[in-house]
Amino acid sequence: MEGSEQLYFSTVSNPTLFRPTVLVIVRSSINAANTNLVGFFRSTHNMTIARSVILSTNFGGATWILSILGAFVADSYIGRFKAIFFFGPFEILGYGILAFQAHHSSLHPPHCNIKQNPNADCESLQGWKTSLLYLGLFMVAFGEGFMRSSTPAFGSDQFDTNDPPQMKQKIRFFDIAAFGTCFGATVGLVLVVWVQSFKGWNLGLGVCALFILSGLIVGATGTPFYRYRLPGGSPLTRILQVIVVAFKKRKIVMPEKNIEDPELPAADASDAEMLSGTKDLRFLDKALIYTGDTNSWSYCTISQVEETKSFLKMLPILFSAVLCYFPFALFFTLTAPVAATMNTHLGGVRIAPAALYAVPVLIQWIILVLYNRLITPLVGRCTSNNYSTVTTHLVRAGVGFVFAMIATIVAALVERKRRMAADPKDLSFLWMLPQFILVGLMEVTSFIGLMEFFNNQLPERIKSLGSSMVFCIVGLSVWLDGAIVAVVSRVTRIGNDGRGWLDGMTFDTTRLDLFYGMLAVLEFVSLLNFAFWARKYLLRLRSQ
């Protein structure tokens, strides 16, 4: 019931750390390996660079957005345990379909060696075979999206926040989960990507399915020992109720002194946080007008209206951050295939270019350790009020976006150097390392800054929306990346002999240097836009 305390059922008193952490590790390893999908689309299905990038970003964006839907379904209807173990098999089946298609030559186009013959007319994936590929990708995104939002939260459910010793264990679990995420991503980028690149995509995708299956089996062994949080409604429902009720009462004149429901104090007493009325977004106050009906879709409390106002006032920050995240997915889809055209030997060992993605992962892990142990206590002592705390979070996010802009400039310069080289194989793929370091710094600073900003500013009853809002930022930006690639490819064909910057089967025919330069300009404009809305939010906060 909305507003009631959520209950737990458990057969033991001490929560377990091991099994949820295993799920986090195997998921992280597979998510990291998915950054190599552009190579799969190009090598197995003979797709052009532009089409591969668009399909990869659509897949990534769908996974992030479906994670928000997964959180809503788990919180409102089925619970997190069922979300993991009901939708997890969809991901296994999806990888099975992709591995089956990659294994049987009749289900994908014949191999086309574009390295030896760049001008070859390669047969691309068409017809029902394309539908089979899309089905496999959708099932992976569907299963992963639901598991992504539920797995860490389910691990958190195993602890009683009213018990100080278990609260310490909960903090320890998140530290272990963060380490598990980085460890799993490193395993995926080194081991799984190596199998995909050098042993075949059929085997590599099969390994992905086995990883998820093993994680679910380990997780299922803890079924008798888990705590299970009952579904208690989603914070999105509370927000939607206010908007619907205010719209239904839009023609009613707001009285100077509202005739309140006599049961209002009892209704608000159950709220985790009592909020006072504000003068912002006054049109939402019509949801407070009492017309005799106390149904939650006909009448809302003051706290509920103020929660909705807080959420809506943060939307400009959310959408401006979406624009700043543009380079994020494009780095992870384009850089490894470009590095494959360079010298990928390190010492006497041939390295899969996608293994470079392990660099930002390791950077994130190091910074997270330093952040939790050193920076957070220091910031807590230096920020004595809410205004300075919020300023710190927004500045941290802005610094991350500066790193993103610098990364695009570095990427443009490295790509220009690669194009100017007589033979790209004379250049080491380690030239790509600086931009990976910058992207790692960008992700950890902006992601943490935005997450802490939303968690700090959202009222207690809807605080769980913080992670969903960050997921939304990443998901929308990844989706829009595909649109940018499609538009740039089409526009740059004009007056260029019909060949766009990202057209063709090989990177020797592209103008990635110009594309990265355009992204740097776009990132600079997006940074100014983010700074404008952040400053506006801080000025409003300071005036309160």
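The values are calculated or read from the model by the stated rules, or taken from the named source; none is laboratory data. Source: prediction; values computed, not measured. Here the Cβ is made from the backbone with ideal geometry for all residues, glycine too, and neighbour counts use every protein chain on show. Note: areas computed on protein heavy atoms with side chains; ligands, DNA, RNA excluded. Shrake-Rupley method; radii C 1.70, N 1.55, O 1.52, S 1.80 Å.
How would Leu323, Leu362 rank on accessible area, largest to smallest, probe 1.4 Å?
Leu362, Leu323
Calculate what fraction, in whole %, of the accessible area of the stretch 493-544 sits on carbon and sulfur atoms when a 1.4 Å probe is rolled over the protein chains.
Working: 1770 of 2950 Å².
Of all accessible area on the stretch 493-544, carbon and sulfur atoms account for 60 percent.
Suppose we flag chymotrypsin sites (Phe, Trp or Tyr not before Pro) only when DSSP calls them loop and at most 16 other Cβ atoms lie within 10 Å. Which is the longest uninterrupted stretch of the chain? Don't skip to the end; give the middle numbers.
Numbers: sites that count: Tyr290, Trp297.
No qualifying site falls inside 1-289, the longest such stretch.
In whole percent, how big is the carbon plus sulfur part of the accessible area of the stretch 296-337, probe 1.4 Å, protein atoms only?
The C+S portion of the solvent-accessible surface of the stretch 296-337 is 80 percent.
Grab the DSSP H runs of the chain that are 4 residues or longer, score each as -39,500 (n - 2.57), total them, divide by all residues and round the 222 nm result to the nearest 500 deg cm²/dmol. If you can, show how the numbers build up before the last one.
Values: 19 runs with 349 residues, N = 544.
Mean residue ellipticity, 222 nm, calculated: -22000 deg cm²/dmol.
Explain nothing, just compute: Karplus ³J(HN,Hα) = 6.51 cos²θ - 1.76 cosθ + 1.60, θ = phi - 60°, for every residue of the stretch 37-43 in order, whole Hz, x for Gly and Pro.
For the stretch 37-43, the Karplus-derived couplings read 5, 4, x, 5, 5, 7, 7 Hz, x marking Gly and Pro.
Per residue, how much accessible surface does the chain expose to a 1.4 Å probe? Answer in Å², no decimals.
Details: 24600 Å² over 544 residues.
Heavy-atom SASA per residue in the chain reads 45 Å².
Exposed loop GluC sites (Glu not before Pro) only (DSSP loop, at most 16 other Cβ atoms within 10 Å): please give the longest stretch of the chain free of them, not including the sites.
Numbers: sites that count: Glu2, Glu5, Glu123, Glu256, Glu260, Glu263, Glu273.
With a cap of 16 other Cβ atoms within 10 Å, the longest stretch comes to 274-544.
List the trypsin sites (Lys or Arg not before Pro) in the stretch 195-261 that DSSP assigns to loop (not H, G, I, E or B) and whose Cβ has at most 10 other Cβ atoms within 10 Å. Which are they?
Qualifying residues, ordered by number: Arg250, Lys251, Lys257.
Step through the residues of the stretch 97-106 one at a time and calculate ³J(HN,Hα) from phi using the Karplus curve (6.51 cos²θ - 1.76 cosθ + 1.60, θ = phi - 60°), rounding each to whole Hz and writing x for Gly and Pro.
5, 5, 5, 4, 5, 5, 6, 9, 5, 6
Could you pull out the pairs from Lys249/Lys313; Lys82/Lys286; Lys129/Lys199 whose alpha carbons sit more than 30 Å apart here? Walk me through the numbers on the way to the answer.
Values: Lys249/Lys313 21 Å; Lys82/Lys286 38 Å; Lys129/Lys199 23 Å.
Going by Cα-Cα distance, Lys82/Lys286 fall outside the 30 Å limit.
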